[in-house]
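The values are calculated or read from the model by the stated rules, or taken from the named source; none is laboratory data. Computed from a prediction, not measured in an experiment: that's the story for all the values here. Here the Cβ is made from the backbone with ideal geometry for all residues, glycine too, and neighbour counts use every protein chain on show.
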Amino acid sequence: MTEPGVTESGVTNVRTRGRGPGRSTTRRELLWRLWQQLPLLLLLVPLWMVLWGELSWLSFTSGVVVAFFVSIVFYLPPAELSGRINPFWSLVFFGWFLYEVAVGSCHVAWLAFRRQGLRRNALVAAPMATDSDIVTTLTSLVITLIPGSVVVEIDQPDTVLYLHAIDIVDEAEAEQLRAKVRAIERGIVRAIGSRQDLEAIANQRDREATP
């Protein structure tokens with residue numbers, strides 16, 4: 001004899017609601033999934049506009065279409081988003097990002113025209129405070145979009161970004177780049193991070209303040 005709900009092979013039978021082999025997705029669950037993906041969609045649209053180098057209704061509309069297409073059609077392992085959006089810190093971060101892009105562009109242009117050229121390049125390891133996949137991905141994306149450095153590898157188990165940066169000659173300048181990565185991470189966490197991410201950022205700042 002077998003126990004109720006268990007087949008002779010030992011596989012438990014699971015009852016599902018609704019019609020068909022599995023439970024259908026409710027409207028509430030669908031809206032929750034969309035809400036969780038909203039921060040990612042809001043970041044993909046400006047990224048699309050930056051890549052095209054055009055600020056217009058056409059690039060905005062096509063960016064929305066591409067963002068939904070990528071999120072729905074191309075299946076990827078789900079990224080656990082916090083479902084939290086802080087509009088104020090999102091605007092602050094976006095304004096800071098535009099400022100850093102402008103400053104980085106001017107710096108790279110100056111390096112191209114100055115007589116001595118580049119002094120030296122460097123490979124810099126930048127540890128992160130959080131272990132969130134979405135925060136790590138967005139941080140690496142933002143630091144790459146700012147001219148002057150590019151992420152070449154991500155150590156996911158230890159949450160360390162490895163960046164190739166131009167015009168870095170000593171440890172002090174490398175630490176400035178690490179500080180920029182930490183600033184990007186803090187900005188993203190304040191905008192869309194979870195409570196655990198906020199606690200990790202606060203703990204990192206406490207460690208930095210401790211002599």
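So, in the stretch 100-135, how many residues would count as being within 21 Å of A172 (Cα to Cα) and either in contact with a Gly (Cβ under 8 Å, 6 or more places away or on another chain) or in the same structural domain as L43 (by TED's automatic domain parsing) (or both)?
Counting residues in the stretch 100-135 that are within 21 Å of A172 (Cα to Cα) and either in contact with a Gly (Cβ under 8 Å, 6 or more places away or on another chain) or in the same structural domain as L43 (by TED's automatic domain parsing) (or both) gives 4.
Are there any pairs with C-beta distances below 8 angstrom linking a residue in the stretch 136-160 that is assigned by TED's automatic domain parsing to the domain that holds L118 to a residue that is among the acidic types (D, E) and in a helix (DSSP H, G or I), with the two at least 6 apart or on different chains, and if so which?
Listed by first residue and then by second, the contacts come to T139/E185; I146/E100; Q156/D133.
Between E100, E80, which is among the acidic types (D, E), modelled with pLDDT of 90 or more and either in contact with a Leu (Cβ under 6 Å, 6 or more places away or on another chain) or within 23 Å of S132 (Cβ to Cβ) (or both)?
Among E100, E80, only E100 is among the acidic types (D, E), modelled with pLDDT of 90 or more and either in contact with a Leu (Cβ under 6 Å, 6 or more places away or on another chain) or within 23 Å of S132 (Cβ to Cβ) (or both).
Sort through A202, A191, A179, A172 and tell me the only one that's in contact with a Phe, Trp or Tyr (Cβ under 9 Å, 6 or more places away or on another chain) and either among the polar types (S, T, N, Q) or part of a helix (DSSP H, G or I) (or both).
A191
Which condition does R115 not pass, out of (1) in contact with a Lys or Arg (Cβ under 6 Å, 6 or more places away or on another chain); (2) part of a loop (DSSP other than H, G, I, E, B), if it passes all the others?
(1)
Given A129, A109, A102, which one is out of contact with any Phe, Trp or Tyr (no Cβ under 7 Å at 6 or more places or on another chain) and not in a helix (DSSP H, G or I)?
Working: A109 fails: not in a helix (DSSP H, G or I); A102 fails: not in a helix (DSSP H, G or I).
Answer to the check: A129.
Is there any pair linking a residue in the stretch 178-203 that is among the acidic types (D, E) to one that is assigned to a loop (DSSP other than H, G, I, E, B) and at pLDDT below 95, with Cβ under 8 Å and at least six apart or on different chains, and which?
Listed pairs, sorted by first residue: E185/M128; E185/A129; E185/T130; D197/S82; D197/T130; D197/S132.
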